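S.K.: I'd like to ask you about the structure that follows.
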Amino acid sequence: MFDLTDTISAISTPPGEGGIGIVRVSGPASISIAKKIFTTPKGESLNGVESHKLIHGYIKDPDTRKNIDEVLLAVMHSPKSFTGEDVVEISCHGGSLPLNKILSLTIKSGARLAEPGEFTKRAFLNGRLNLLQAEAVIDIIKSKSDTALESAMNQLQGGLAKQIASIRNKLIDILAEIETDIDFPEEDIEFKNKLEFKKGLESVLTEIGQLVDSYRYGKIYREGVSVVIAGRPNVGKSSLMNALLNEERAIVTSIPGTTRDTIEEGLNINGLTIKIVDTAGIRESEGFVEQEGIKRTQKAIEGAGLIIFLLDGSEGLREKDKDLIKEIKQKNKPVIIAINKIDVGNKNSSEWTGGEFLKISALKNIGLDELRNKIFDIIYNGHCKTPEGIFITRERHRERLSKAHDSLSKAVNAINQNLSSEFIAADLRLSLESLGEITGETYSEDVLNRIFQEFCIGK
Ligand SMILES: Nc1nc2c(ncn2[C@@H]2O[C@H](COP(=O)(O)OP(=O)(O)OP(=O)(O)O)[C@@H](O)[C@H]2O)c(=O)[nH]1
Ligand SMILES: [Mg+2]
């Protein structure tokens, strides 16, 4: 299905100028290619090379015999390399000209240009990484927060893979026993055995269910949750965003309707990364529907993990506020209701009943620590990890786990309905297959292509 007999090459450092740049070559011909284009200062070519050692020398064009750049070259012998193949890494001066010239020389000498993610794909195909680890590599490269990096590192180190392997082993054991029963049908599964199987399967079901649920948590780690500030015009939404960010990011004026579009910024709250979103105020005359600005506000609210609904304490509670609160509560998302401008008083405070209100002043910095703590509590505690602290971070994993869960539920039903062992075994095999697709025990070309498309060239 995949050709691993050719040798690939790419620039592995980002474009632009830098201190050093790296050209990476992987595959059976990589050492012979290096021998063609590398010389030591004494003019010797590369001979018996030690693995994992830097060698100083020059890259020369074999045709013109001219030196292109002064470099450090490292050879990593198969299988102890990232891809599991013979790998040569050439560290040259980090400019696009030397890098591209060296890349072309490797190609002229027999390599072909690598596709995005092809080095990591080869690492997977050669058994150096499982699929979860390959995905963790992308996540590490793309991580934007400490928490995202930490979770990707955990995945690279194999926590989730181990748990899935252990679940699979339990299922394989049960399947083996059921298959014995299929082979010797005259000794129909004893009732006691059936109960045992059922108990075993149900405990695995719980374990898979917890992993599926942990996605709500993992998603936050990977992407950061979106916290949307909503409310009528002029209540101080943009002021609150600026106060939380500690910078004048959004325009604030005393004229209602200042913010016309949603504005997003990354924000760190007690170590947790969130995306804070300021929105256009929802006007008295409009529902959630009309006008572009309002549409965007609505879209932001749909995508929110948490909504801060802001009220203006200097004005008192209006009918419109009550309607909006009702409407927002119907979204079934966590909501913090905060009364702003508390520095100029709290009008008609007797009306502010029927809910917990946080009193703040975006202008005078009152109650903001409390608001931060509340945001943190809702996001951090409102989501679950598994008992082992492992969580899944990708939709792909959630989807496969749900599928495994479904098949397993069917197997339990089959036991309940006293169906023949073949049915139970078939459902178990389906479940095992879905689990195997997560780590890459079984995979399709499509899935691999989709995963590795996310990578850049050279990784
Ligand atoms: N006294 C007082 N004034 C505030 C406070 N927060 C905001 N304001 C004022 O209220 C007015 C509106 O503030 P904005 O932050 O622009 O309000 P907004 O909700 O973003 O308004 P739109 O973008 O029009 O929907 C400005 O004059 C702010 O200075 C506060 O805590 N206390
Ligand atoms: Mg605004």
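S.K.: Scanning for something modelled with pLDDT under 90, surrounded by fewer than 18 Cβ atoms within 10 Å (Cβ to Cβ) and outside the structural domain of residue 207 (by TED's automatic domain parsing), does the stretch 360-375 turn up at least one residue?
M.R.: No; the residues of the stretch 360-375 include none that is modelled with pLDDT under 90, surrounded by fewer than 18 Cβ atoms within 10 Å (Cβ to Cβ) and outside the structural domain of residue 207 (by TED's automatic domain parsing).
S.K.: So which residues in the stretch 9-31 are closer than 13 Å to residue 85 by Cβ and either surrounded by fewer than 22 Cβ atoms within 10 Å (Cβ to Cβ) or more than 31 Å from the chain's Cα centre (by Cα) (or both)?
M.R.: Answer for the stretch 9-31, where residues must be closer than 13 Å to residue 85 by Cβ and either surrounded by fewer than 22 Cβ atoms within 10 Å (Cβ to Cβ) or more than 31 Å from the chain's Cα centre (by Cα) (or both): 28, 29, 30, 31.
S.K.: Next up: Out of 52, 93, 56, which single residue is farther than 27 Å from residue 121 by Cβ, of a type outside the set (Asp, Glu) and free of Cβ contacts under 8 Å to residues at least 40 places away in the same chain?
M.R.: 56
S.K.: Here is a further query. Take residues that are within 16 Å of ligand 1 (Cβ to nearest atom) and closer than 30 Å to residue 432 by Cα and tell me which of the strands (runs of 3 or more DSSP E) falling wholly in the stretch 198-304 contain 3 or more.
M.R.: Of the strands (runs of 3 or more DSSP E) lying wholly inside the stretch 198-304, none has at least 3 residues that are within 16 Å of ligand 1 (Cβ to nearest atom) and closer than 30 Å to residue 432 by Cα.
S.K.: So which residues in the stretch 38-67 are in a strand (DSSP E or B) and of a type in the set (A, V, I, L, M, F, W, C), if there are any at all?
M.R.: Result: 38, 54, 55, 59.
S.K.: Taking interchain pairs and intrachain pairs at least six residues apart, which have beta carbon atoms under 7 angstrom, with the first residue in the stretch 223-239 and more than 30 Å from residue 141 (Cα to Cα) and of a type in the set (A, V, I, L, M) and the second assigned to a helix (DSSP H, G or I) and within 6 Å of ligand 1 (Cβ to nearest atom)?
M.R.: Going by the 7 Å Cβ cut-off, the qualifying pairs are 229/237.
S.K.: For the stretch 23-37, enumerate the residues that are assigned to a helix (DSSP H, G or I) and among the polar types (S, T, N, Q).
M.R.: Once the filter is applied, which keeps residues that are assigned to a helix (DSSP H, G or I) and among the polar types (S, T, N, Q), the stretch 23-37 yields 30, 32.
S.K.: In the stretch 232-252, how many residues are over 32 Å from the mean Cα position of the chain (by Cα) and aliphatic (A, V, I, L, M)?
M.R.: The number of residues fulfilling the criteria is 3.
S.K.: Among the residues of the stretch 205-216, is there at least one that is aliphatic (A, V, I, L, M) and within 16 Å of ligand 2 (Cβ to nearest atom)?
M.R.: No: zero hits.
The values are calculated or read from the model by the stated rules, or taken from the named source; none is laboratory data. Note that the structure is predicted; figures quoted are calculated from it, not measured. Backbone-built Cβ (ideal geometry, glycine too); neighbour counts: all protein chains shown.
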